Every structure is written in structure tokens, then in C-alpha cells.
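Okay, so here's the structure we're looking at.
No lab work stands behind these numbers, since they all come straight from the coordinates. Remember, it's a predicted structure, so these values are computed and weren't measured experimentally. With ideal geometry, Cβ positions are generated from the backbone for all residues, glycine too; neighbour counts draw on all protein chains shown.
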Amino acid sequence: MGAGTRGASGGAWRPNPVARTVLIVLSLAFAFLMLVMPLLVVVSQAFGAGWEAFWRAVSDSFTVKAAKLTAITTVTAVAANTAFGLAAAWALTRYRYRGQGLLTTVIDLPFAISPIIAGLIFILTYGRLGWAYPFLEAHGLKIVFAVPGLVMATVFVTIPFVARELIPVLAARGTDEEQAAVLMGAGFLRTFALVTLPHVKWALVYSVILCAARAMGEFGAVSVVSGHLRGKTNTLPLHIEILYNEHHYREAFAVSAILVIASVLVLAARSVVETVSRREVR
Amino acid sequence: MFVELREVSKRFGSFEAARKVGFSLAKGTLAALLGPSGSGKTTILRMIAGLEAPDAGDILVDGQSVLGLAPTRRGIGFVFQNYALFRYMTVFENIAFGLRAQKRPKAEVRDRVAELLALIGLEELGGRFPAQLSGGQKQRVAFARALAPRPRILLLDEPFAAIDAKVRRELRSWLRRMIGHLGITSLFVTHDQSEAIEVADRIIVTNGGRVEQAGEPIELYRSPATPFVARFIGESTVLSGYGGLRGFEGAPEGASCAIRPEFVRLFAPGEPVQFENSVQEGLVEGLAFRGDALEVTVTVGGFSLATGYSLERPPLSPGQAVKVLIYRLYAFDGDRAVLVGNRLLANGGGGYNFQI
Amino acid sequence: MTASRKTIPGFGLTMGITTSYLGFFVLLPMISLALRAADLSLGEIVSVATDARVLSSYRVSFGCSLLAAAINAVFGTMLAWVLVRYRFPGRRMIDGLVELPFALPTAVAGIALTSLTADKGWIGAPLARLGIAVAYTRAGIVVALVFVTLPFVVRSIQPVLEELSPDYEEAGRTLGAGGFTIFRRVVLPELRPALLTGFSLAFARGLGEYGSVIFIAGNRPFRTEIAPLMIVTRLEEFMYGQATAVALFMLLASFAVMFLVNRLQIRAAAFAGG
């Protein structure tokens, strides 16, 4: 490292003022163009015809139904993936056995696969030509083109979020505290809840927020398995697509505005969690 | 015997952590498992606790095998090297954890924790979190936490390793007093021989997954059973082919030995020389002041030996010729160490007579 | 130290949950894909592999994803540099906004970007006067992919830059090097592994991206049709075999890219080791 050069350059690093200005201006311009303008255009289009038009679009019965369905799929997928993430993080970091690497790879798989392919594989399994279809039909179950399919596709796409966030945190911490708890007679649940969970609580909150954001906005996988039955299998993003394709632009942007607000809230929550958890570490 | 290990073996892959380890501890003993890092001592401790399972052999507590028992049921108190205090619980909650896990009544939990806090002298700090404690305080809390459920045996993994040198000495005598006062059978792991000698009633020396020797500290010092123990405990100089030393001429070709500083005596020029015919000429190589005495390095018969030299005696300087007497040494014979006296001395030099 | 299974309880429970969950949600559907793929006749594979429309969709997907990842490698690195090294008003807000593409539903991003770049949009109108069309062209696809994959590059590089002491740059400066030389010779080599990771993540995500692209692309066969859309189209025509074949080539391609990057990563790590 440049320890010997500190004196020569006079201590603190001083940026070249011209380069600094140029780079900051370029970055601000890029960020404004790519990140801020899309938000502005949604808000402007949504409220362009006034508050009433916005409200009419948002309170439309199909929009409300889509919002409910989005809430259902998001809550179910996040709850399931949180339970899974906690179990997987425990199973992958508290013990040593062969095949741990393989298991991690399988958890990561949904990130490497296009959402469209995710939708496709559920169709190939549970769809009319899927091998599980006769069984489903015999029991009067419907997965593809129905709510269970939407939930399952959303689960698939968001599987890695919680597990991937928790695994490094737990792995870095070792197992001494759990061993101490067990030697003092604590069972699994007591050890997990009182000893392990407090260590990962911020990582957990953080990952749940991101998982919820992704689940709420999932489009490709859900689009493939939904069958686009308006009022039945339309989530908010799919509803936006239908409105947009039918040239109801105003309405499409009004519904989008709800999701924009939700995602800005997610970003704010994320940054609050980060600040709070950093403070706690110190 | 209260704790007994019988031919316990354990390997991790190709690494043999324990090879037919056997030793036993009487009730109330404070024992040390002493050995260099990688000698298997921590593995032995973890096997007694049930944190690792031996591949072969048996571990008995109070006459009964504990191998079938889950760690929880063995009645073990364990102090981890880095204490493993629960970071998100107060000192009080840390100590109460084991009692709560056993579903003891609230009043009992409160009383027991208060009693232990008083015992470790931290009554005021029950509400603090581990991060707000000093290293020494953390160790005391870990100790109290391990004792709270009244274990049969207390195991401590390098209990002083994470503490700075100043506090360490104080904590050693504190721990010794505490354990003596409680009378609990205890075993701690250390790589520091002075720690083991100062604190333990009994030392088990491990090396390469084997027990080299077990016994009282003074016994290990006085009669090391193996070359490893002779080298590892106390100071000594190890020589190879020592047949050139006067009084040890019969030594087998190329044999090794260890010589402690107190086995060597120097006679300065002009000093009356005892045992005139057993001494040989030597040369002062270097002098180092050790506070209450000098440490002299002397060349004799082609070897460098270290020995103590009182400040009261005639001064020495480097390059000076002296007369050197070697009373005795530990001769290495395969994996045994044998005390051999200078055969030119009237009593054979074997009377290693010091007392405490 | 990780303990043996016997010491810490809960192995059976958590392992059971983990494997059955992954089995049900990931492996079972993946097996269906493998089964369907094994059922494909040679004819089907050949017809897909030689279908001009499919081939052109691959070209569009790979080309646009590569270009978007490359653009982000430049602008993302610049953004990360500015966010880490300089203090200026609005820095914290931009730092937060960088993750907007992760949080914003892709369909919303799609219609917002389309509306911006269409010939009557805020950005599209001035460009149209210059004779440049963005929406409904491949340029539009690239814009959507740049948006969606920006956080991958920035968030890969930022932590490395934060760790990288300005001492390096100082050392270069005292040796008489100019600003850009220092960046190129001193900083960039340190960033290379992270940049590679960010680039490959962006590329892989771009290949699979659907929601934001279909609005802005115009979806004209042979021109602006992406591979994921080909799968959807074939599915809607109930040609499951063809859809599977298209998906299979895509999967193989993206796994190959990930594998290649992994190997490069290992080699880079070997160099960085000293």
C-alpha cells in the first residue's frame, strides 16, 4: 500500500476539481434520465387528468380485485419463503455434511432462470398437457390459470431472497452460542428463537422487504401461468398490461402509480433498516 | 474415579485428533489438558461434553458411560474460548438461560442468578449486555452461566486465551479459588504450561492426539516420562550425542537428552571447586540479566547450555573460562525419558531432592 | 466450528423443510422441463434450431443484453465511483434510487420507459425531430435492459470501491500519473472481478427479462422480438414442444455464460491472491 507516499501528497486525497464536476454532472444526468424521469412520467400521466380520473381508475372493481390478488400472492409467497429461508439458513450453516454446495446452487437456481421459463415449467407440470394434470383433475384441483398457480410461480421466482440474505450472516457467526445453549439444556425452538433469531433479525427484515417488492411486481412468470382471466387471475402488474394494451393509458398509469408509491416505500424502509442495523452493530 | 476416558479415538478425515486417549480424574479435581495447538486437547474436551462423538472408546462419568447421552443430559458446564455469551441478552438473562431451559420456578431462577452474580462479584452489572463488559468480566459471566444449572463437571476451553496478559494472572488465581471453593470437578484446556502448572492440581499432557503423561504438576516436572514432556514442561536445552560431557561418557552413540538449567553448576576462576574430578572446562558465551539472577550461556564439550548464576557470586564475562559440573540429565530412550545422574559423583547425581 | 449433527438439534426438521420445499417448488417443475425436453423429436429440435424467427429472437436477446450490460459497465462504474468518492447534494437520494429497478415492478418500468421514449414522449419527441426512434426499436429494448440491470453493476462495484483505500490513487499521483491513467492502471484492475460479476449478472438478467421489454420493444418478428417472448408466443399457440425447445437453448446459453464467468472469476481470484 502507499503508506510511504502519504507525506508526499500531503495527507487527505484531493479529487481533481474538473474531473469531479464532470463526473458528478454526468452521473446526475444519467440518474435523472434513467431513474427519476420514469417515476415522474408515471406520476404525471396518472394525475394528468386530475384527481377524480385517477380515483375512478384506482377504485374500479377490476383494479380492486387485482390489488387483492396481488396482496394474497405477495403475502403467501413472502410467508412461505421466509419460513423456508430460515429453515434453509439453519440447515446450511449449523451443520457440516456433503452436498451443501449443491443445495446452495439449487436455492440460487430461480435467479438464473428467466421468469418466462419459470412460468413454462409450471405449465409443463400442472397444465393441461402436464404429467400431474390427470391427478389434479381427478381431485378437482386447478393450479395453472388459477390462483394457486400464481402463488406457486411467485414463490419460485422469490425463493432465494430470504435464504441468500441469511446464510452469509449465520455462516460468519459460527455455532458456539447454539452449542452453549444446547449444553444448558435448551431445545431447538428455544435456541432458535432466543439465541439465533436476534442475530439475523435485521437481515431478515431487510430480505423480507426485498422479497415482498419482487413478489408484488412479478410479471413474466405470473403472466405465463395466469391465463389473463380478468377479475380472476389478474394481479396488479397483469392488470396494468391489459389496460395498456387496450389503450386505457390513463388508467394503466393510475394503477402504476400505486405500485410506484409501494416501491418508493420499500426503498425508504430498506434504507431505514440499513441505518438502524448499522447503528446497532456499533 | 469420577471422570474416566478409556481408549478414546477420533479422527477428522485424515487428521487423528485422538488416539486411544485414556485418563481419569477424581471427584473435585481441577485438571488441565496441556498441549501444543493441534494436539487434540480441545477435541477431547468436546467429546466429554458430547459436542463431538468419539469413533471408538468409552467415556464414563460417575461410573456410567455417557456416550449414549445427549450433551444436554450429561450435566456439563462449558466455558467456550470466546465465551459465546448471548449477545442480545443481558448478563442476568445469560446466566438465567440454563435454568429457564430447565423450566425452574421464577423465584428460584432469580435467587440462583443473584447468588452467582454475587459469587463472581458483578452484582451491579446484571442489566448490562456482553458488549458492555471487559474481557475479564465476560469470562466471569461465562463461568457463572456454565455453573448456573449446577453441572457435575465444568469444562473450560482455553479460558484465558482471549484476555490480555495483565488481567490473566489475576483471573487465574480467581478461577483457582472459585473452583476450589465450589469443589466442582473441572477440566480446562490450555497450551500454556505456566498456566497449567499454576492453576491445575493435575495435568494431562497431550501431543499428536495421544496422552504423553498425566500427573501432578511437580511430578511431570521432576520425572517426565517422555522426551516430549521433558521438553515441553519447564526450561531445558536439548542435546544430541551428549557422550562428550564429563560424567556421561557411556551414552549410546547419537543419543539425545534434555538438560534443565538447575542441572548445571558453574565455578568461576578462583572459586573452590567441589567434585574436582567430575567437572570439565567450559567457556562463557553470553550473559543475560534476568532480574534476580544472571542467565549464563556456556559452551562445554561442543554444546551450548544455559544455567542460572547468582549475582552474589564472582562476576563473569563473555569469553571467560569456567569449570562446569552437570549433575544429571534426562536421557531419551526411544519414546521414554530417563533421569541419568553424573556417574562420577559420589551419590550418582540421581538424588533430585527439592521440596516445596 | 460447525458441530456434528448430533449436537445442535433441528437438523431433521430444517433439512426436511429445505429439501421438500426445494423439491416441490424447484426440482419437480425442472424435472418436467427435462422430461418434456427428452420427449422432443429430432425434427422438432432441428425445426426450432433452424427457425429464422427463433434465431433472430436469440440474436436480439443476446445482442441487446450484451450491449445493455456493457453500457452499465461504463455508467454503472461511473455512478458507483461518484457515489463512493464524492460528497455532493442529492448523493444519498441517488444512492437510494439506484435500487429502484429492483423495487419497481417491471411492467411499470416498461410502460413508463415506453411513454418517455415514444415519439410524443418527453425524451422521444426531441429525438424524433433528430430522426432517432427509441421506442419500438432495438434501442428501446436496450434502454429497458439498462434500467432493469443497472443495480447489478453499481451494487457489485460499490463495496469494493469503499474498501479500496484512496492510498492507491495517492500513490499513483505521487508517481506523476494523471487522473485517467491512475483510474485505468491502478483502480480498474482492483475493480475487475466485481465488474465481471456485475456484468454477468446484468447480462443474465437481461437475457431473461420480459416485463419491461415487451412494452417498449414493439415485438415485431425478425426485428424486435426477444427470446422469452418467443416462448410465450409458442405457448399461446399451444406448441409446448417448441416452447420447451426455445427455453432449453436459452437455459443452456445462460448456464454456459455463468459457467464461463465463474471460470474467469476463479482465474482472476488466483491473480488477486498475492
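For B:K106, the aspartates and glutamates whose Cα falls under 15 Å of its own Cα, not counting residues fewer than eight places away in the same chain, are B:E93, B:E115. When only alpha carbons are used to place a centre, segment B:167-220 and segment B:265-328 end up 34 Å from one another.
Between the alpha-carbon centres of segment C:41-94 and segment C:120-159 there is a gap of 11 Å. As I understand it, the dipole of chain B uses +1 on the Cβ of Lys and Arg and -1 on the Cβ of Asp and Glu, about the Cα centre. Which of B:G136, B:T237, B:G215 lies farthest toward its positive end? Positive-most Cα among the choices belongs to B:G136.
Between the listed residues B:L187, B:L45, B:L122, the Cα displaced farthest toward the positive end of the dipole of segment B:3-232, a dipole computed from Cβ unit charges relative to the Cα centre, is found at B:L122. Put in order of Cβ neighbour count within 10 Å, fewest first, the listed residues A:V276, B:V273, C:V154, B:V109 become A:V276, B:V273, B:V109, C:V154. Once Lys and Arg get +1 and Asp and Glu get -1 on their Cβ, which of C:V48, B:M89, C:S165 lies farthest toward the positive end of the dipole of the protein assembly as shown? Toward the positive end, the furthest listed residue is C:V48. For chain B, averaging the sequence separation of C-alpha pairs within contact (under 8 Å, six or more residues apart) and dividing by the residue count gives a relative contact order of 16 percent. Cross-link pairs exceeding 21 Å in C-alpha to C-alpha distance, out of A:K142/A:K232; B:K10/B:K41; A:K201/B:K138; A:K68/A:K201, comprise A:K201/B:K138; A:K68/A:K201.
Listing A:W202, A:W55 from the residue with the fewest other Cβ atoms within 10 Å to the one with the most, what is the order?
By the 10 Å Cβ count, ascending: A:W55, A:W202.
For chain A, adding -39500 (n - 2.57) for each run of n ≥ 4 DSSP H residues and dividing by the number of residues yields -24000 deg cm²/dmol at 222 nm. Can you give the FRET efficiency to the nearest 0.05 for A:I72 and A:T21, using r as the Cβ-Cβ distance and R₀ = 35 Å? Rounded to the nearest 0.05, the efficiency is 0.10. FRET efficiency for the pair B:K106 and B:R73, taken as 1/(1 + (r/R0)^6) with r the Cβ-Cβ distance and R0 = 30 Å, rounds to 0.80. Here chain C is treated with +1 on each Lys and Arg Cβ and -1 on each Asp and Glu Cβ, and its dipole about the Cα centre works out to around 340 debye.
Put a plus charge on the Cβ of each Lys and Arg, a minus charge on the Cβ of each Asp and Glu, and nothing anywhere else: the dipole of the protein assembly as shown about its Cα centre is then about 1520 debye.
Under a Gaussian network description of chain C, with springs only between Cα atoms under 10 Å, the residue in C:S47, C:S165, C:S56 that fluctuates furthest is C:S165. Between A:S256, A:S223, A:S44, the residue with the greatest mean-square fluctuation in the GNM of chain A (Cα pairs under 10 Å linked by springs) is A:S44. Using the Cβ-Cβ distance between A:R230 and C:L28 with R0 set to 45 Å, the FRET efficiency from 1/(1 + (r/R0)^6) comes to roughly 0.90.
What the Cα convex hull of chain B gives, in volume per residue, is 167 Å³. Hydrophobic long helices, here whole DSSP H runs in chain A with Kyte-Doolittle means of at least -0.5 and Cα atoms spread over 30 Å or more along the helix axis, are found at A:61-93, A:249-281.
Given their separation in residues at 0.36 nm each and the Cα-Cα distance between them, A:V169 and A:S44 gain 40.8 nm when the chain is fully extended.
In sequence order, segment B:279-292 has phi-based couplings of 8, 9, 6, x, 10, 5, 9, x, 10, 9, 7, 10, x, 9 Hz under the Karplus curve 6.51 cos²θ - 1.76 cosθ + 1.60, θ = phi - 60°, and Gly or Pro positions carry x.
May I ask for the net charge around B:D111, where only other residues with Cβ less than 14 Å from the Cβ of B:D111 are counted and Lys, Arg are +1 while Asp, Glu are -1?
Numbers: positive: B:R100, B:R104, B:K106, B:R110, B:R112, B:R150; negative: B:E108, B:E115, B:E123.
That works out to +3.
Could you pull out every one of the aspartates and glutamates with an alpha carbon less than 16 Å from that of B:K27, ignoring same-chain neighbours closer than 8 positions? Qualifying aspartates and glutamates at Cα under 16 Å: B:E4, B:D62, B:D201, B:E216.
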